[in-house]
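Trainee: Here you go, one structure.
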Amino acid sequence: MTAGECFSVEYAVFAGYLGFDEDDLARDKIHDEIVTPLERMGQLYIPSFRGAVVGKVKGLFPTYRYLDRMFMKTIAYKVGDKGNVGDYSRNLLMGMLPDARPFSVFDFIWNEIKLVGERLVKGCGYAPYITYMIRQVTGYSFEYDKQHKVL
């Protein structure tokens, strides 16, 4: 609801606003899978790294550590202990392996936004996506004290 008027947007239309096409929507959906067990994540870690703990960011190969950092600022917003690779972030990193099947990036974002509504969190890292969609659907322009960029 914006300015007292109810609006809605369909899943595929929201995807289109963010630039995702039907090919993305047809790919595997990470949130339909079980959370990757820790014992399956070993290939993401440097084998000889002293102090590496599977499920933590310490000891990840640099490629996966950088991906984790990028994801936590864009599509896999993290709250709490940022030293952990938690829940579906595990699946997301496993989806970056060279032999992994392609997955739907939009569906990942969609499900993470839904989870925000189910968890008590201090902030919403997905606010730029939601704000952008609201502007597209309603035409309503928000007043800002500074410029906010779409992720």
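Trainee: Residues 59, 19, 4, 55: which one is on the phi > 0 side of the Ramachandran plot, in the same structural domain as residue 131 (by TED's automatic domain parsing), modelled with pLDDT of 90 or more and not hydrophobic (A, V, I, L, M, F, W, C)?
Mentor: The conditions single out 19.
Trainee: Which residues, taken from the range 1-21, are closer than 12 Å to residue 132 by Cβ and aliphatic (A, V, I, L, M)?
Mentor: Hits for the range 1-21 are 9, 18.
Trainee: Determine whether residue 95 is over 21 Å from residue 128 (Cβ atoms) and within 14 Å of the chain's Cα centre (by Cα).
Mentor: Values: over 21 Å from residue 128 (Cβ atoms): yes; within 14 Å of the chain's Cα centre (by Cα): yes.
Against the criterion (over 21 Å from residue 128 (Cβ atoms) and within 14 Å of the chain's Cα centre (by Cα)), residue 95 qualifies.
Trainee: Would you point out which residue out of 109, 34 is buried (at least 18 other Cβ atoms within 10 Å of the Cβ) and aliphatic (A, V, I, L, M)? First the steps, then the outcome.
Mentor: Numbers: 34 fails: buried (at least 18 other Cβ atoms within 10 Å of the Cβ).
On inspection, the qualifying residue turns out to be 109.
Trainee: Moving on to the next point. So, restricting to helices (runs of 4 or more DSSP H) that lie completely within the range 68-151, which ones have at least 3 residues that are modelled with pLDDT under 85, of a type outside the set (S, T, N, Q) and closer than 22 Å to residue 35 by Cα?
Mentor: 105-118
Trainee: Right, residue 50: touching a strand residue (DSSP E or B) at 6+ places or on another chain (Cβ under 7 Å) and assigned to a loop (DSSP other than H, G, I, E, B) or not? Even if it seems obvious, please write down each step before you answer.
Mentor: Values: touching a strand residue (DSSP E or B) at 6+ places or on another chain (Cβ under 7 Å): no; assigned to a loop (DSSP other than H, G, I, E, B): yes.
The answer is no for residue 50.
Trainee: Is it the case that residue 24 is under 30 Å from residue 1 (Cβ atoms), outside any loop (DSSP other than H, G, I, E, B) and in contact with a Ser or Thr (Cβ under 6 Å, 6 or more places away or on another chain)?
Mentor: yes
Trainee: Is it the case, given these coordinates, that residue 51 is of a type outside the set (Ser, Thr, Tyr), touching a residue at least 24 places away in the same chain (Cβ under 8 Å), out of contact with any His (no Cβ under 9 Å at 6 or more places or on another chain) and surrounded by fewer than 14 Cβ atoms within 10 Å (Cβ to Cβ)?
Mentor: Here the answer is no, as residue 51 does not meet what is asked.
The values are calculated or read from the model by the stated rules, or taken from the named source; none is laboratory data. Note that the coordinates shown come from a computational prediction; the quantities given were computed from them, not determined experimentally. Backbone-built Cβ (ideal geometry, glycine too); neighbour counts: all protein chains shown.
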